[in-house]
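Okay, structure first, notes after.
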Amino acid sequence: MPLARLRVVVATLWAGSLWTVGYLVAPTLFATLSDRALAGSIAGSMFRNGAVLSAAFALLMLALLRRDAAGLAPRRRRLLTGLVLAMLACVLLNYLGIQPLIAAIREAAGPGGLDASPQRKLFGMLHGVSMLVYLAQSALAAVLIWKQE
């Protein structure tokens with residue numbers, strides 16, 4: 001039973017970190033700061049740190065699920081493991097796949113910024129895909145908490 005409670009705490013901290021940065025802090029930065037580039041830079045830094053934290057939470061959850069194998073029904077263990085792996089896939093897709101492309105476009109835009117860049121539409125599209133992946137991860141986090149024992 002103590003491992004089950006620890007899993008709930010870890011899942012809740014993980015979800016809380018995602019929801020706080022993605023749906024409270026980042027929008028507040030863009031609403032508060034007049035310099036959108038600065039807001040984007042700060043938000044990007046927070047999302048990168050959040051990705052590292054998410055990977056750590058995923059590894060911890062996988063270790064807890066493995067450790068508590070006897071205390072979980074096999075079907076529930078597979079479900080929880082699948083949720084954790086899906087969330088980790090979202091993190092890796094964003095952090096290793098999409099975010100480096102976004103950063104490269106931002107850097108290539110030069111002093112004129114993204115508004116003057118011919119790749120502005122690609123930036124917007126990639127940003128939208130990244131947001132959808134983040135939304136999926138956030139929804140999976142809610143399910144992960146809900147499906148704990």
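The values are calculated or read from the model by the stated rules, or taken from the named source; none is laboratory data. Here the structure is a predicted model, which is why all the values come from computation and not from measurement. Here Cβ is always computed from backbone atoms with ideal geometry, including for glycine, and neighbour counts include all displayed protein chains.
For the reader, a short list of remarks on this structure follows.
- Scan of the range 105-123 for residues that are surrounded by 13 or more Cβ atoms within 10 Å (Cβ to Cβ) and in a helix (DSSP H, G or I), ordered by number: Ile105, Arg106, Ala109, Leu114, Arg120, Leu122, Phe123
- For the range 17-34, a residue qualifies if it is without any contact (Cβ under 8 Å) to a residue 24 or more places away in the chain and either of a type in the set (Phe, Trp, Tyr) or in contact with a Leu (Cβ under 6 Å, 6 or more places away or on another chain) (or both), and exactly one does: Phe30.
- Any chance Ser45 is without any contact (Cβ under 8 Å) to a residue 12 or more places away in the chain, closer than 23 Å to Val25 by Cβ and surrounded by 12 or more Cβ atoms within 10 Å (Cβ to Cβ): no
- Any hit, the range 62-74, residues being more than 17 Å from Leu13 (Cβ to Cβ), touching a Leu at 6+ places or on another chain (Cβ under 9 Å) and in a helix (DSSP H, G or I): yes
- Once the range 1-29 is narrowed to residues that are farther than 22 Å from Ala69 by Cα and over 16 Å from the mean Cα position of the chain (by Cα), the residue that is surrounded by the most Cβ atoms within 10 Å (Cβ to Cβ) is Leu29.
- Count of the range 67-88 residues which are touching a residue at least 12 places away in the same chain (Cβ under 8 Å), more than 30 Å from Arg48 (Cβ to Cβ) and not aliphatic (A, V, I, L, M): 4
- Of the residues examined, Thr32 is not one that is more than 13 Å from the chain's Cα centre (by Cα), closer than 24 Å to Ser138 by Cβ, modelled with pLDDT of 95 or more and surrounded by 12 or more Cβ atoms within 10 Å (Cβ to Cβ).
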